[in-house]
Amino acid sequence: MAQFNYLNELNTLATIDGPLTRGPLQRWVKKSNNENINPSSNSSKNMSNINVSACSQSMQKLSVSGNISCNNSLLSINKTPTRNENKKGKKTPSKNKSPGRSTTPTPNKLAKTPNKADRFIPSRSNSNFDLCHYMLNREEEDEIVAQTVTGEALGRALADTEPGRLLQYTCKAPAAPEGYQNRLRVVYSQAKVPSTVKNTTRYIPQAPDRILDAPEIVDDYYLNLIDWSASNILAVALNNTVYLWNASTGQIEQLLTLEGSETVCSVAWVQGASSHLAVGTSSAVVELWDCEKIKRLRIMDGHTGRVSSLSWNLYVVSSGARDGNIVHHDVRERQHAVATVNAHTHEVCSLKWSPDGKYIASGGNDNLLNIWPAAQGQHYSQPQYIHQFSQHLAAVKGLAWCPWSAGILASGGGTADRTIRIWNVNTGANLNTVDTKSQVCSIVWSTHYKELVSAHGYAQNQLVLWKYPMLSRVAELCGHEARVLHLALSPDGTTVLSASADETLRLWKCFMLDPSKKKEPTDSKAAKSLLNMNSIIR
């Protein structure tokens, strides 16, 4: 039964607003119960009145002090008294006291009830439920509004960002200069690298490997004053003198000096490992020299103006001059001029035979680029061009045939044009064009990489490496103080030499190979088919 009593006491405690019906009886109630046992009717009436009044007074007192010590009173009342507490609180009524005496406790005794509360039980009558409901609903509405505002702000932020960029800095880092190579870049290696991933980066020195002096070099855009032979000999024309520089030993030798006011306008080595050099002069003639013996072999005429461009096709040397004509000289014959072509209306400033000998390209000061096919079974061109390109807006000085893709030609225009164009002469299509922002003076293709390098004038006077076929910038090589007029590629294809109007020659190792990828040098077909020049000159 004890457990049921305990449950009943808990239910009584949970009832806050109901009357106090459980708990130990108070002293005055116990005394009144004992007095009710006497048969006296008067006493019973009096006790009933006292009991009613006492109950009403106690209820009033409890209602007044309920907000202060309701919890403590209930706990102290419902708590099961211990043995000692029963002894203290339970006393036998005194025999001396009359049965009719009032035993109603005073309010002070109820107020002195010890405070033993362990939690706060609020009063429903003193609670403002309307206010509480309003505050809860307001907090929920504020939270919904905050979420809505946050969602809208996030949507606007995502709409303003670039596609695919969700996380980025507010202030972007400044972009690196075009063609910049970071030397301190860290390469992170993985445990397993796919076989399809290739290391496409290489180190390109930004400073020249060597600088040579070139005093009195003529600052003329239309001339071609340097050429590098297969024997690693560099020919440089300085005013009226031609010098030979051996790149292997560093030895310098003077080949010739023209008399009077004549100047050297162009130089070109014969194909292959030969020592013969063609020299075009301002006196409208082409001289053939044996550089081993330092001896002039013959003089070939045919022009009425200075010879500003030369190009070899086996034993035929083609010359372009200020008169606009191209003359093909067969050095084996006494009558050397085997063909003459009226090519341009102005000076022929650039002339290049293709590596396979099928075409010769000519660029003129009339802003035209002409492609001439070789005559059937011969090493000179036909008199009629197969393509004439007029897209350039200035003189076409830069010309270079791709050494590893037949029929691909690169051309560059002067100050009014500033573009590099890639052509397919087999179809006549302009494959790509790039605006270089400066005068294009010369172009050279790399034999090891799918790249080409161009020389430029004002304002940067730099060399630019371009990736083929997209013509994207790979690197820029700066250092010259005047426009870079000429370019030449070393026989091993690793070094580019630039000649500038600042009277310096600079060597750039921009096409260095990985040691593990180096190829063995092979003799060219042209070198095998060349005749001994000394034995055929008549």
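The values are calculated or read from the model by the stated rules, or taken from the named source; none is laboratory data. Keep in mind the model is a prediction, meaning the values are calculated, not measured. Here the Cβ positions follow ideal geometry from the backbone for every residue, glycine too, while neighbour counts run over all protein chains shown. Heavy atoms of the whole protein, side chains included, go into the accessibility calculation; ligands, DNA and RNA do not. Shrake-Rupley method; radii C 1.70, N 1.55, O 1.52, S 1.80 Å.
Principal axis extents for the stretch 362-405, Cα atoms only, whole Å, descending order, please.
Ordered largest first, the stretch 362-405 gives principal extents of 35, 27, 13 Å.
Which FRET efficiency, nearest 0.05, do Ala173 and Tyr203 yield, Cβ-Cβ r, R0 30 Å?
Taking R0 as 30 Å, the efficiency between Ala173 and Tyr203 is 0.80.
By what distance, in whole Å, do the Cα atoms of the stretch 267-411 stretch along each of the three principal axes, largest value first?
Computed over the stretch 267-411, the largest-to-smallest principal extents equal 45, 33, 25 Å.
Using a 1.4 Å probe, how large is the accessible area of Glu333, given in Å² and rounded to the nearest 10?
Glu333 exposes around 70 Å² with every protein chain in place.
Rank Ala374, Ser350, Thr419 by how far each Cα sits towards the positive end of the charge dipole of the stretch 292-432 (+1 on Lys, Arg Cβ; -1 on Asp, Glu Cβ) and give me just the farthest.
Positive-most Cα among the choices belongs to Ser350.
In the full protein assembly as shown, how much of Ser405 is accessible to a 1.4 Å probe, in Å² to the nearest 10?
Accessible area of Ser405: about 40 Å².
Using the per-residue mean of other Cβ atoms lying within 10 Å as a proxy for protection, in what order, highest first, do the peptides 422-428, 128-134 fall? Mind showing how you got there, number by number?
Values: 422-428: 16.4, 128-134: 9.3.
Top of the packing list down: 422-428, 128-134.
Holding the Cα-Cα limit at 30 Å, pick out from Lys397/Lys450; Lys293/Lys358; Lys293/Lys467; Lys437/Lys509; Lys295/Lys509 the pairs that are longer than that.
Lys293/Lys358; Lys293/Lys467; Lys295/Lys509
Quote the relative contact order of the stretch 352-466 in percent (integer), defining contacts as alpha-carbon pairs under 8 Å separated by 6+ residues.
Reported as a whole number, the value is 17 percent.
Find the accessible area per residue for the stretch 304-447; the probe is 1.4 Å, ligands and nucleic acids are left out, and the unit is Å². Please report the intermediate quantities before stating the final value.
Working: 5170 Å² over 144 residues.
I get 36 Å² per residue for this part.
Could you check the simple spin-label distance between Asn232 and Ile299, using points 7 Å along Cα→Cβ, in nm with one decimal?
The modelled label-to-label distance comes out at 3.6 nm.
Cut-off under 19 Å on the C-alpha distance; same-chain residues fewer than 8 positions from Lys31 excluded. Which aspartates and glutamates are left, in chain and number order?
Reachable aspartates and glutamates: Glu85.
Rank by packing, highest mean first: peptides 237-245, 465-473, 253-261, with packing defined as the count of other Cβ atoms within 10 Å averaged across residues.
237-245, 465-473, 253-261
Accessible area, 1.4 Å probe, largest first: how do Val149, Val341 sort?
Putting Val149, Val341 in descending order of accessible area: Val149, Val341.
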